[in-house]
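K.L.:
Okay, handing you the structure first.
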Amino acid sequence: MSTLKIAPFIALALAAAMLLGACKDGKHPPQTMGAGGPIEVETITVASQAVSLSEELPGRTSAFRVAEVRPQVGGILQRRLFTEGSEVKAGQLLYQIDPASYQAAYDSAKAALARAEAAEYSARLKADRFRTLVRTQAVSTQEQVDSEAAWKQTVAEVAAARAALETTRINLDYTRITAPIGGRIGKSEVTEGALVTAQQPAALAVIQQLDPMYIDVSQSSVEMLRLKKEVDSGQLQVDAEGKARVGVLLEDGSQYPHPGTLEFADVTVTMSTGTVILRVLTANPDHVLLPGMFVRARLERGQRPDAILAPQVAVTRDIKGIAQALVVNKESVVELRRLVTGQIIGDSIVVESGLQAGDRVIVAGLQKVRPGAAVKAVEAGAASAASAEGGQPATQNKAE
């Protein structure tokens, strides 16, 4: 083999020998540093500040009351007496069923009652007369007893006839279908000339009371227990009646002008999700909220005077999902801090533990450093100002 072919293998062997010697001496390659010194990173110094804590829960709106309008007697619809989508009042006439047959039945029952009352009158007079005649033995005791029984029978017939008349009157009234509640009525499922039947499964129309409005939100059972403790301890803001106040955010992210109150929690935990339904009641005078809308309920949890906020860009998570951040200590060395985080507020997150006021967390240059590395910390605001004034990037070693 020629000398030119052997030369590359000799160079590779020498490099391996040098690396092996370094390992035997217990030395490791140093942390990569820029040509001008330690790697420059941008930091933000965290400080304690007063914040308003709240919790947002997803939810759906539902009507305060819902009534499905159904006929209670059968017949042909003659008229529809409302405008679809309009407001109706309780007792307002909505539909008129042809009342002819029911009016005839009512008149017949009324005549039957008059006939029964006439028979009762005759039987009562006969019974009264027989009570007098039996004392003089003009009639036998048996005849007097029979007259009393005949009179009482006619009294019962009058009561039955009066009940039958009331039934026909009710059925006649049912031909006028009225609104059971006040609210907004939807579209009509039938038109004039349609045949409807008593207690049919399909509703003629649906009325929904939209003011006030319910908001049903779901929360884990663990969070619900914590919520109850906060209400009992007074940490959660409540109104004069002791109910927790709830803000409402609409689908477009805007704030709903009418705050609500937390009414109650469901008595059952959904086994598949481990959540409980909470019901919020809020005013809806302008009918901005409609049933089925997606909203977010914000529970105000009071003020924290000394909360530690960290930028979200500085907080990462490991493979186990544990929050962590890189901090530059007083010796300008990078430290890894395990964090316990809380509520997200804007572009920051509340840190329950792991950071203290005055800690410098790295917000830019995270990919270039690791725990134990010496760095040059530059405040993020100062770095941006220097970049704007000098027209140079804030991180000098970026290319390196």
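K.L.:
Find, among the trypsin sites (Lys or Arg not before Pro) in segment 63-92, those assigned to loop by DSSP (not H, G, I, E, B) with at most 10 other beta-carbon atoms within 10 angstrom.
P.N.:
Values: sites: R65, R79, R80, K89; in loops: K89.
Qualifying residues, ordered by number: K89.
K.L.:
Can you pull the one-decimal nm distance between simple spin-label points at K228 and A283, each 7 Å off the Cα toward Cβ?
P.N.:
Here the answer is 3.1 nm between the modelled labels.
K.L.:
Using only the C-alpha atoms of segment 99-174, find the volume of their convex hull and express it per residue in Å³. Walk me through the numbers before you get to the answer.
P.N.:
Working: hull volume 4.2 nm³, N = 76.
Spread over its residues, the Cα hull of segment 99-174 gives 56 Å³ apiece.
K.L.:
Zone of S122 (label point 7 Å along Cα→Cβ, backbone N under 13 Å): which residues in segment 147-174?
P.N.:
Residues passing the 13 Å test: 151, 154.
K.L.:
Kindly work out what percent of the DSSP beta bridges joining two residues of segment 287-350 are antiparallel, to the nearest 5.
P.N.:
Working: 12 of 12 bridges.
Once the DSSP bridges in segment 287-350 are tallied, antiparallel ones form about 100 percent.
K.L.:
For the pair T167 and T268, how long in nm is the line joining their label points, each one 7 Å along Cα→Cβ?
P.N.:
3.8
K.L.:
Can you pull the one-decimal nm distance between simple spin-label points at Q49 and R317, each 7 Å off the Cα toward Cβ?
P.N.:
My value for the distance between the label points is 2.5 nm.
K.L.:
Hey, how many Å between the Cα centroid of segment 282-342 and the Cα centroid of segment 76-90?
P.N.:
51
No lab work stands behind these numbers, since they all come straight from the coordinates. Note that the structure is predicted; figures quoted are calculated from it, not measured. When we count neighbours, we look across all protein chains shown, and the Cβ atoms used for this are built from the backbone with ideal geometry, even at glycine.
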